[in-house]
Amino acid sequence: MKAGGGDGLRRARARAARAGGRGEDAARVARELGSLEPNSRISRRLGAPALYAVMLGAVASSLYYVLGLVAGDALGLTPFVFLLAGGFFVVTMLTYVEGNSLHPERGGASTLARYAFDEFWSFVAGWAILLDYLIVIAIAAFAVSHYLAPFWSEAGQEPVEILIAVGVIAFVAISNVRGLTAGRLGWLLRLGLVNLALLAAVIAVGAVQSFDFGALLDPVELGTSPGWSDLTFAAVIATVAMTGIEAASGLAGEIRVGRRSLRRVLMISSGTVLALFVGMSVVALMAVPVEDGATALGGPFQDAPILGVVAAFEPAWLMDAFRYVVGATAALVLIQAANGQMLGLSRLTYSMATHRQIPTAAGRLHPTRATPYVAITIAALLAFVLVLPDLKFLFGIFAFGAMLSFTIAHVAVIRLRFTEADRPSAFRVPLSIPVGRGSLPIPTALGALTAGAAWVSVIALHEGARIVGGIWMITGIVLYVIYRRSQGKPLRKRYTIPEEALREESEVEYGSILVPILGERLDDDIVGTAGRLAAEEAEPGEGGPMLEALYVFVLPLSLPIDAVVEPDRVERGRRALARAKAVGEEYEGVTVATAMVRGRSRGEEIVAEAKRRGVQAIVLAAEEPTRTRSGSGLGGRARARDRFAGETTRYVIEKAPCRVILTAPPAGEKGVGEGVAP
């Protein structure tokens, strides 16, 4: 069932309220309500195909715009450069997979830096990769017009190319505001497979018709053709496909992949990248060889290099057929690649907003789609500005942000090998050396050194990247410091706000509220709070709001879970529930249903019942925090073990599937555990 509008949500909530605690009916309505809510747009069952589709889209699409620029600088060594880029891709992918296996959350390098270092370095990594997302969106959108040239010769000319790019970015923004669905990811995977088949066909035909290794090696004069600085820059910008790893990493926490499937994705992705990068670059330099120190791939065909490759095919009908097929497929693939980059950007900004790294307003969620529409809109506007014909300038800025972010990611995973050495993980980077209580993954260490050296080379060799990238990072850090200080928060400490704080809703609806009862004097205040909230939702002819009064019998581990509960405890529970029903139904239109359950933990049972009944809120009595302290002699810190509430309150706040509203007695009155049963 697809997400519906406000009326559909209200009707579903009303049915959930009427179903109340009626066993399977309530569970069924709760499940239906869950499918209607727009914050569950991605199915966890997508698993490995979704990860592969997102990475494949970025990797394969990058050849459509980066091949020309790399070939223009690396000349006959282009295949060698892409081989290095493919190897770096594999190493970086291994690093990200290990990091996300340890902490399956949105955010990519930003999340890894958060757990390995602190919130400041998390922001630096996230801010750097945000710049790359914007640049790749702009480049992909710009390239679409040039691949439409076989259908319309004016498509690749000014100002048409700019107008088409703007239209693509607008479409991508609207699509991401609508949200990602299983159907769209399925379409992305199918398109990726078609694109793979097409690129394989181009490589095969090109190899048969243009096979000549001399065309690659004969023009090479290392240090002159290509020059060292050009070769270094080409090697760095060839890593543009790395953003596919970040985009796929943004799905962490939403998609679950088994250990076996994860290894399969790694192997297939690695093979795909190496085959595409090396195969296509070899064929391209054979079909459009280097002549007089230059290749047409870096000249007339720079904006659409794959069209340059198929332009060398014979006979003419074969060339024309490939031009049309490549043009149409490339346009679709590039649009989907821009879509994937915006997807990664939206998830990263959401993660940064929930951790108070950027203002909450920037991560505001759409009221019905639950997507960060403000961030997507801002990103689209910035991408409009970045749509420039000077691709080399844009790629230089991309390399600045990418190499900085990847360096932080590699170093973060190395640090986590020591700080979280005992934490279970579904995947570990192979070839590790034991060091102290941890281990050093050799591929990740090489990745960190390579990315760091590449970042330094970009700063040294590319003035535009040095200036624009430096301004971007300094501006971001200054804004981060100002925002954190304005919130009264330290720069390095982690703070998290709930998703509800980012939602933009016209009103909060409480059709069904769970009210755990304690048999204490505070019960009247708890039920009164819930009753007032429910009464505000009462609508004539729509069914009254429901309070679910719940009494939990906590049984010790020494007794079986089905042990007989003492009659006096049962009677006390009945009296407490009867009192709650009487107090709650004093509010007009409110119905109170009562239930008693048993379990090992009060907090766990409250959360379990909230999920089973599909309630919109839990009104909970906040018990006082424990004052247990552990001095430094016991390896602890001399402060209260919990800062704000007791174990039950903390568990419910962290695990509840809905809003949690806490109540407490006024200062000086007896609270939880001190009152007298009514």
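The values are calculated or read from the model by the stated rules, or taken from the named source; none is laboratory data. In this text the structure is predicted, and so the values were computed from the model without any measurement. Every residue, glycine among them, receives a Cβ derived from its backbone with ideal geometry; neighbour counts consider all protein chains shown.
Quick look at the numbers
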{"quantity": "Selection from segment 372-384 of residues that are of a type outside the set (Phe, Trp, Tyr) and in contact (Cβ under 8 Å) with a residue 12 or more places away in the chain", "calculated": "372, 374, 375, 376, 377, 378, 379, 380, 382, 383"}
{"quantity": "Test: residue in segment 236-245 that is modelled with pLDDT of 75 or more and out of contact with any Phe, Trp or Tyr (no Cβ under 8 Å at 6 or more places or on another chain)", "calculated": "yes"}
{"quantity": "Hits in segment 141-166 - residues which are within 25 Å of the chain's Cα centre (by Cα) and either over 11 Å from residue 386 (Cα atoms) or outside the structural domain of residue 64 (by TED's automatic domain parsing) (or both)", "calculated": "none"}
{"quantity": "Matching residues, segment 167-189, being at pLDDT 80 or above and exposed (fewer than 15 other Cβ atoms within 10 Å of the Cβ)", "calculated": "167, 170, 174"}
{"quantity": "Check on residue 360, hydroxyl-bearing (Ser, Thr, Tyr) and surrounded by fewer than 22 Cβ atoms within 10 Å (Cβ to Cβ)", "calculated": "yes"}
{"quantity": "Enumerated helices (runs of 4 or more DSSP H) restricted to segment 94-180, each holding at least 2 residues that are in contact with a Leu (Cβ under 6 Å, 6 or more places away or on another chain)", "calculated": "119-147"}
{"quantity": "Residue in segment 101-115 that is small (Gly, Ala, Ser) and at pLDDT 90 or above present", "calculated": "yes"}
{"quantity": "Selection status of residue 75, assigned to a helix (DSSP H, G or I), more than 18 Å from the chain's Cα centre (by Cα) and surrounded by fewer than 24 Cβ atoms within 10 Å (Cβ to Cβ)", "calculated": "no"}
{"quantity": "Residue identified as assigned by TED's automatic domain parsing to the domain that holds residue 63, at pLDDT 80 or above and farther than 25 Å from residue 153 by Cα among 273, 283, 288", "calculated": "283"}
{"quantity": "Filter result for the condition that a residue is modelled with pLDDT under 85 and buried (at least 24 other Cβ atoms within 10 Å of the Cβ), over 343, 297", "calculated": "343"}
{"quantity": "Matching option when the condition is assigned to a helix (DSSP H, G or I), more than 18 Å from residue 172 (Cα to Cα) and not acidic (Asp, Glu), among 379, 375, 361", "calculated": "361"}
{"quantity": "In segment 475-489, residue nearest to the chain's Cα centre (by Cα) [restricted to those that are assigned to a loop (DSSP other than H, G, I, E, B) and surrounded by fewer than 13 Cβ atoms within 10 Å (Cβ to Cβ)]", "calculated": "487"}
{"quantity": "Out of 203, 135, sole residue that is surrounded by 18 or more Cβ atoms within 10 Å (Cβ to Cβ), touching a residue at least 60 places away in the same chain (Cβ under 8 Å) and within 30 Å of residue 352 (Cβ to Cβ)", "calculated": "135"}
{"quantity": "Residue within segment 442-463 that is in a loop (DSSP other than H, G, I, E, B), touching a residue at least 12 places away in the same chain (Cβ under 8 Å) and not assigned by TED's automatic domain parsing to the domain that holds residue 68 present", "calculated": "yes"}
{"quantity": "Flag if residue 78 is out of contact with any Ser or Thr (no Cβ under 6 Å at 6 or more places or on another chain), among the polar types (S, T, N, Q) and in contact (Cβ under 8 Å) with a residue 24 or more places away in the chain", "calculated": "no"}
{"quantity": "From the options 132, 118, residue that is assigned by TED's automatic domain parsing to the domain that holds residue 414 and touching a helix residue (DSSP H, G or I) at 6+ places or on another chain (Cβ under 8 Å)", "calculated": "132"}
{"quantity": "Filter result for residue 338 (touching a residue at least 40 places away in the same chain (Cβ under 8 Å) and either surrounded by fewer than 24 Cβ atoms within 10 Å (Cβ to Cβ) or among the β-branched types (Val, Ile, Thr) (or both))", "calculated": "no"}
